[in-house]
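Asks: Before I ask anything, let me first share the structure, which is written out below as structure tokens.
Nothing in this text is a laboratory measurement; each read-out follows from the coordinates by a stated rule. Model, not experiment: these values are computed from the prediction. Cβ placement follows ideal geometry from the backbone for every residue including glycine, while neighbour counts extend to all protein chains displayed.
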């Protein structure tokens, strides 16, 4: 089973994510997570392709995850923009 | 519901086509391509539109109902070969999966975000007018 910290580490390592938020929404069984990711690798990519990057980064973990809800895939600039609003 | 069940069963690969393995057989791939070509909007989901068996699938049904567009649903829980085959076909690990105009559009999160941004309405309008 995957833990929130496994998911966070995978996203930080494989997407060089500068900011990652992982919420375990499974009630403890580790099968359901919500994630928000900030990474340079999203630059110039549309939302579908950003989600594909996240899914690919978690390919190993996805074997035991039932539901992955991707709440945000931001570039660092988009994150800064949101914080300044 | 009956119609969608019939169509889902049409998508089942012939027995033995996968030779015991789980994956995307050429027969299933051809059936999927045909089905997606014949229907502008297809939702591959858990359960049926009347009785979704997953909250994320239900969300997609609600969004498509809200958009008032014709769409087909396929219950991937009916057939394990279809379920595993669709993951490979779409290169997407989870359900629901939405196809618009023969292209994979996204899962539940993308449906929600594009619905809120107005992009979904544009894509659907373009698809239905094409």
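Asks: Can you find, within segment B:112-123, the residue that is farthest from the other protein chains (Cβ to nearest Cβ) among those that are in contact (Cβ under 8 Å) with a residue 24 or more places away in the chain and surrounded by fewer than 22 Cβ atoms within 10 Å (Cβ to Cβ)?
Replies: Among those residues, the one meeting the criterion is B:121.
Asks: Sticking with this one: If you take the residues of segment A:56-74 that are touching a residue at least 24 places away in the same chain (Cβ under 8 Å) and farther than 21 Å from residue B:105 by Cα, which of them is nearest to the other protein chains (Cβ to nearest Cβ)?
Replies: A:65
Asks: Right, residue A:17: touching a strand residue (DSSP E or B) at 6+ places or on another chain (Cβ under 9 Å) and in a loop (DSSP other than H, G, I, E, B) or not?
Replies: When the stated conditions are applied, residue A:17 passes them.
Asks: Specify the residue that is farthest from the other protein chains (Cβ to nearest Cβ); the eligible residues are those in segment A:12-55 that are under 22 Å from residue B:104 (Cα atoms) and without any contact (Cβ under 8 Å) to a residue 12 or more places away in the chain.
Replies: A:44
Asks: Continuing with the same structure: Can you tell me which residue in segment B:97-109 is surrounded by the most Cβ atoms within 10 Å (Cβ to Cβ), limited to those that are more than 11 Å from chain A (Cβ to nearest Cβ) and part of a loop (DSSP other than H, G, I, E, B)?
Replies: B:101
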